[in-house]
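**Student:** Please read through the structure below; I'll follow up with questions.
The values are calculated or read from the model by the stated rules, or taken from the named source; none is laboratory data. If you're wondering where the values come from, they're calculated on a predicted model, not measured in any experiment. Every residue, glycine among them, receives a Cβ derived from its backbone with ideal geometry; neighbour counts consider all protein chains shown. Ligands, DNA and RNA are stripped out before the accessible areas are found, and what is left, the full protein with its side chains, is counted by its heavy atoms. Shrake-Rupley method; radii C 1.70, N 1.55, O 1.52, S 1.80 Å.
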Amino acid sequence: MSGTGTMKSRKKLAFQQLKKNKIAIIGLIIIISLAFIALFAPFIAPHDPIEQNLDKRLLSPSGEYPMGTDDLGRCLLSRIIYGARVSLKLGVIVVGIITVIGVTLGLISGYYGGIVDEIIMRLVDVVLAFPGIILALAIAGALGPGLFNVMLALAMVGWTGLARVVRGSVLSVKQKEFVESARALGCSDLHIMTRHILPNVMAPVIVLATLDMAFIILAAAGLSFLGLGAQPPTPEWGSMLNNGRAFIQTAPHLTTFPGLAIMVAVLAFNFLGDGLRDILDPRQQRELKE
Amino acid sequence: MTLKFKDLTVKYTMFDTLKDGGGDININSNTNINTNSKTNTNNNSNSNANTDTNTDTNTITALDNISLEINKGECVAVIGESGSGKSTLVLASMKLLASNALMSGQIFLDDVDISDMTDKEMEQLRWNKISIVFQNYGDVLNPVHRIIDQVAEPLIKNGESRSVALEMSGKMLDHLKIKTGRDVLFPHQISAGERQRVLMAMALITDPDILVLDEPVSSVDAITKSYLAKVIKQQVNAGKAVLLITHDLSFAHLCSDRIAVLYSGMILELLPSQKLLDAPCHPYTRALVRSFPMMERAKDLAGVRGAPPSKISGATRGCIFQQRCTQSIDICSQKQPQAMSIDGSNGDGDGSYVVCHRGGIATMVCVNNISKSYGDIEVLKDISITLDEGEILALVGETGSGKTTLAYLTAGTIKPDGGKIVFRGQEVGTIDKKEFFRTVGIIYQSPKDSISHRFTVLEAIAEPLRIHGLFDDSSVQRIKDALNEVQLPDEDYFMQKYPHELSGGELQRVAIARALILEPDLLIADESTSFLDPSVQAKILKLLLDLQNNRGISMLFVMHDIGVARKVSDRIAVLHNGMIVENGPSHRVISNPQHFYTKLLIDASKGNEIE
């Protein structure tokens, strides 16, 4: 037997555990479906998402338009299907960036403490001193309109919460004896941080990251509404939700369906995240097994 | 009269060895031959043929360059394991060596060099000036003569009339507490203890100036032993020079003024007797002391690790004890060490000296005036303590006394506020971190906390290897060996288990294997058994002691139970309120505690009520 052999069997074991975790499987199926929908949108969507049909404005869901039409007579279902492309990409990328930044800075801050901690945490304070959306607005405004700039702006304001949470967890984990033990073996700081501390702070990170996904999609919608994000007529869940607000009394389906789409996506990531957290913790694994 | 050996070397040619069937046996069988013939030797005429240029591989070195002086009114004990050459020294002192022995060097009785004397000349000295108490084998006395006759024989041989000789013999046996009436018995009719006293009587009957005693107490009970010690002391007080050969350390300590430690034919250490038990200088002497069962000691016995080196002449380069030594360095395998007096200068053989490149047992860790505070709380106040190479030190004290802090300071994982810690001559802070951590292993109080729950057994034990870049194809086998060493299964299913799937005892063994995989020189065990039930604790402690003995590493035990500490440690240091209140050999601390707090700990350990 070798080290790689163990790794292989562990992956296998993890997959088996995943199969037993129904919630995680549901999450995974939804995410795969969403990805599938986004990828094959032109084949799935019944109508052109940007084609206006002013005769058929604000129609309720029907056989022809399963989710109705918006104020410009566009097929809502088609827009949601195409919107998955933009919103999912935006969510995943931004959450990925803020997770990397937040976790890295949180780890460094918590592990080293002292002046490093002071600098990073004061930076967090500065960023948090502004309402997130306002700061993102300012940054996106300065960078100019466009999806990429919105992502950048959201990433720049979104990492703070994660950094704080990670730092807190690191402070508690680094006091554990196994970290002391690793240090006494001559481990480098990087090894201790990545091999010993990081896996133990991932649980709140996963929960936070999945929750952030929703925030990011909505925030991106907010910025789009102000003309900084995805430009009309690009279908995007957040901006669709925003557009629908004006008609919430007369055509509630305009807000309901994009909202549901966001909720389903966020829930799916949340479910999968929870499952992954359990699977990555050997102690949870055995409990599931039993 | 004094007995003096000067550069005495004795080698046996292999021809006889092969005939007799083995090196060590050879020496003993010679003893038998000579003891059977008692006083007469006809076959050692070759002793003068001192052609000691023979360093061929066909000789066995029994004694190598022995210089030792036994003064008038002094008893010098020679201690050592079987096969160390003790009996050869006895035989050489009277020139009774076997025919295959090649002797060089000189033996003086006062100023007279007897090494060149003929047998005839020796006859004049034997039993008149120097006599021997032979080792008490079953056939050491002639079975067909009464013991009183055998004791009288030297007198008769020296020209005394038979009746006077028998009367004197009777008195001598009486003096040695052989009951009247039993002196006419035959050797097989008396007990081993009595036989020993008969042998003593035979040696004393001619009132010689020099007495050579070969294992006089190896087969006697404690009461007889104490009586014989009294007799020996009387002889010493009467101005005799006594050479005592024994492997009984407490007896050597009791009777002698100085002790020479003989190992594989060489004297490794000569020290005043009172230092033997408490402060031996040579690692071998310490190992011997650890091997010897003594009444006041509670620590488990541990033999000297490894086996003696080959005795074939020229087989060993460098220090002969190097392979079994707990503190050998590069030079030890390259060059033979010279005698050094205990203060570090070259010894001349008169005072106490030690033959070691490192000047005797070396200090591994030296903690100098360390202090440490956590915020306003002063945990350690001006602590100074040392840990020798191969030593087991127990830090004992109640919870919060600063034990763990001191252990972690020693391990270099935390830094002191004041003072310094020196590890093998270098301050801990200045040693390359990775190199230092390779030489120090730690076993933590709780294995559940000290091993990441995300690691399998294999990963946990492999981690130190990976960190130090030593993980390669052979590592899995190395890990399996380590598991075997700590008595855990080495099967794949076990190596893939996670910490929470193991019992406390198993997990602690994994922690031990993890701490030992890099083969550290210092092992720190921080309350490593306090979570375990007594049965598992006993197993783990025994395992640790065995590993310590096999590997010759130094150990620092941190524990709150002084009762356990006395079972495992050579030395106990008691910590109280951040200060060391007592520090000494374990048996001394336990049997005669000086500080009230130590007494309190011992009382509490006994289960007595504490006020």
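**Student:** So which residue, out of A:Phe269, A:Phe215, A:Phe15, gets the largest mean-square fluctuation from a GNM of chain A using Cα contacts under 10 Å as springs?
**Tutor:** Most flexible of the set in this elastic network: A:Phe15.
**Student:** Calculated from DSSP H runs of 4 or more alone, at -39500 (n - 2.57) each and per residue, what is the 222 nm mean residue ellipticity of chain B, nearest 500?
**Tutor:** Result for chain B: -10000 deg cm²/dmol, rounded to the nearest 500.
**Student:** Taking the DSSP beta bridges in the protein assembly as shown as the whole, what percent of them are antiparallel, to the nearest 5?
**Tutor:** Of all bridge pairs located within the protein assembly as shown, approximately 60 percent are antiparallel.
**Student:** With charges only on Cβ, +1 for K and R and -1 for D and E, what is the dipole size of region A:75-281 about its Cα centre, in debye, rounded to 20?
**Tutor:** 340
**Student:** Once you've got the GNM for chain A with C-alpha springs shorter than 10 Å, pick whichever of A:Lys20, A:Lys174, A:Lys12 has the biggest mean-square fluctuation.
**Tutor:** A:Lys12
**Student:** Please compute the per residue accessible area over region B:477-611 with all protein chains in place, 1.4 Å probe, rounded to a whole number of Å².
**Tutor:** 41
**Student:** Now for a separate question. Rounded to the nearest 100 Å², what is the sum over both chains of accessible area buried where A meets B, with a probe of 1.4 Å?
**Tutor:** Using a 1.4 Å probe on protein heavy atoms, the buried area is about 2900 Å².
**Student:** Which percentage, to the nearest 5, of the DSSP beta bridges contained in chain B is antiparallel?
**Tutor:** The antiparallel proportion sits near 60 percent.
**Student:** Continuing with this model, one more query. Would you mind giving the average projected area, over all directions, of the Cα convex hull of region A:56-198 in nm² with one decimal?
**Tutor:** For region A:56-198, the mean projected area of the Cα convex hull comes to 12.3 nm².
**Student:** So, in Å, what gap is there between the alpha-carbon centers of region B:530-569 and region B:411-442?
**Tutor:** First find each Cα centre; the distance between them is then 23 Å.
**Student:** Further, regarding this structure: In percent, how large is the relative contact order of region A:110-233, given Cα pairs closer than 8 Å and 6 or more residues apart?
**Tutor:** On the way: 86 pairs, mean separation 43.0, N = 124.
For region A:110-233, the relative contact order is 35 percent.
**Student:** In the P(r) worked out for region B:461-528, what percent of Cα pairs fall beyond 21 Å? Each step should come with its number before you reach the end.
**Tutor:** Working: 466 of 2278 pairs.
Counting every Cα pair in region B:461-528, those more than 21 Å apart make up 20 percent.
**Student:** Which three numbers, in whole Å and largest first, are the semi-axes of the equivalent ellipsoid of region A:143-290 derived from its Cα gyration tensor as √(5λ)?
**Tutor:** The answer is 40, 20, 10 Å, longest axis first.
**Student:** Ranked highest first by the average count of other Cβ atoms within 10 Å around their residues, in what order do A:94-104, B:220-230 fall?
**Tutor:** Ranking the peptides A:94-104, B:220-230 by packing returns A:94-104, B:220-230.
**Student:** Say the dipole of chain B comes from +1 at the beta carbon of Lys and Arg and -1 at that of Asp and Glu; which of B:Ile132, B:Ser475, B:Gly375 then lies farthest toward its positive end?
**Tutor:** It is B:Ile132, whose Cα lies furthest towards the positive end.
**Student:** Can you pull the percent of region A:75-281's accessible area that's carbon plus sulfur, 1.4 Å probe, other chains left in place?
**Tutor:** 72
**Student:** To the nearest whole number, what is the average tally of beta carbon atoms from other chains within 10 Å of the beta carbons of peptide A:92-104?
**Tutor:** 0
**Student:** Between B:Lys434 and B:Asn592, what is the label-point separation in nm under the 7 Å Cα-to-beta-carbon projection?
**Tutor:** Using points 7 Å along Cα→Cβ, the separation is 5.1 nm.
**Student:** Given labels modelled 7 Å from the Cα in the Cβ direction, how far is it in nm from A:Leu58 to B:Val184?
**Tutor:** Between A:Leu58 and B:Val184, the simple spin-label model gives 14.3 nm.
**Student:** At 1.4 Å probe size, put B:Met555, B:Met266 in order of accessible surface, largest to smallest.
**Tutor:** Largest to smallest exposure gives the sequence B:Met266, B:Met555.
**Student:** Something else: Calculated FRET efficiency, B:His175 and B:Ser535, Cβ-Cβ r, R0 51 Å, to nearest 0.05?
**Tutor:** The pair B:His175/B:Ser535 has a calculated efficiency of 0.45.
**Student:** If you don't mind, there's one more thing I want to ask. Taking the Cα centre of the protein assembly as shown as the origin and placing charges on Cβ (Lys, Arg +1; Asp, Glu -1), which of B:Ile342, B:Leu516, B:Gln189 is farthest toward the positive end of the dipole?
**Tutor:** Sorting the options by dipole projection puts first B:Leu516.
**Student:** Right, next: Relative contact order of region A:75-281, please, whole-number percent, based on alpha carbon pairs below 8 angstrom and at least 6 residues apart.
**Tutor:** 27
**Student:** If contacts are Cα pairs under 8 angstrom and at least 6 residues apart, what is the relative contact order of region B:286-341 in percent? Walk me through the intermediate numbers first.
**Tutor:** Values: 47 pairs, mean separation 14.2, N = 56.
Once normalised by length, the contact order is 25 percent.
**Student:** Mind putting a number on the dipole of the protein assembly as shown about its Cα centre? Charges go on the C-beta only, +1 for Lys and Arg and -1 for Asp and Glu, and I need it in Debye to the nearest 20.
**Tutor:** For this selection, approximately 1820 debye.
**Student:** In addition: Once you charge only the Cβ atoms, +1 for Lys and Arg and -1 for Asp and Glu, what is the size of the charge dipole of chain B about its Cα centre, to the nearest 20 debye?
**Tutor:** So the dipole magnitude of chain B works out to roughly 620 debye.
**Student:** Let me ask something else about it. So which lysines can B:Lys171 reach, going by Cα to Cα under 27 Å and dropping same-chain residues fewer than 8 places off?
**Tutor:** B:Lys38, B:Lys72, B:Lys129, B:Lys157, B:Lys179, B:Lys225, B:Lys230, B:Lys233, B:Lys240
**Student:** What residue among A:Ile93, A:Thr234, A:Leu143 has its Cα farthest toward the positive end of the dipole of region A:75-281, where the charges are +1 on Lys, Arg and -1 on Asp, Glu, each on the Cβ?
**Tutor:** Going by the Cα projections, it comes out as A:Thr234.
**Student:** For every helix of n ≥ 4 consecutive DSSP H residues, a contribution of -39,500 (n - 2.57) applies; sum these over chain A, divide by its total residues, and give [θ] at 222 nm rounded to the nearest 500 deg cm²/dmol.
**Tutor:** Roughly -25000 deg cm²/dmol at 222 nm, from the helical runs in chain A.
**Student:** Please report, largest first and rounded to whole Å, the three semi-axes of the ellipsoid equivalent to chain A, where each semi-axis is the square root of five times an eigenvalue of the C-alpha gyration tensor. It would help to have the intermediate numbers written out before the result.
**Tutor:** On the way: eigenvalues 326, 128, 35 Å².
Semi-axes, largest first: 40, 25, 13 Å.
**Student:** Give me the Debye-computed log₁₀ of I(q)/I(0) at q = 0.19 Å⁻¹ for region B:200-355, equal point scatterers on Cα only, no solvent, two decimals.
**Tutor:** The calculated log intensity ratios at q = 0.19 Å⁻¹ are -1.27.
**Student:** Looking only at other chains, what is the average number of their beta-carbon atoms within 10 angstrom of each beta-carbon in B:454-466?
**Tutor:** What the average comes to for B:454-466 is 4.
**Student:** Okay, moving on. Give the lysines whose C-alpha is closer than 17 Å to that of B:Lys381, dropping any in the same chain fewer than 8 places away, or say none.
**Tutor:** B:Lys372, B:Lys403, B:Lys415, B:Lys420
**Student:** Hey, another quick one. Show log10 I(q)/I(0) for the protein assembly as shown at q = 0.05, 0.06, 0.10 Å⁻¹, two decimals, from a solvent-free Debye sum over equal Cα scatterers.
**Tutor:** Relative scattering, expressed as log10 I(q)/I(0), comes to -0.48, -0.61, -1.12.
**Student:** Let me ask something else. Residue by residue through B:486-492, how many Cβ atoms from other chains fall within 10 Å of the Cβ on average?
**Tutor:** Counting other chains' Cβ atoms within 10 Å and averaging over B:486-492 gives 1.
**Student:** Using just the alpha carbons, could you tell me how many Å³ per residue the convex hull of chain B encloses? Don't jump to the answer; show the numbers that get you there.
**Tutor:** Values: hull volume 114.6 nm³, N = 611.
Dividing the Cα hull volume of chain B by its residues yields 188 Å³.
**Student:** Here's another thing I want to ask about it. How long are the three semi-axes of the equivalent ellipsoid for region B:153-243, computed from the Cα gyration tensor as the root of 5 times each eigenvalue, in whole Å, largest first?
**Tutor:** Sorted largest first and rounded, they come to 20, 18, 11 Å.
**Student:** More than 14 angstrom separation, counting every C-alpha pair in region A:198-267; what % is that?
**Tutor:** Within region A:198-267, distances greater than 14 Å cover 63 percent of Cα pairs.
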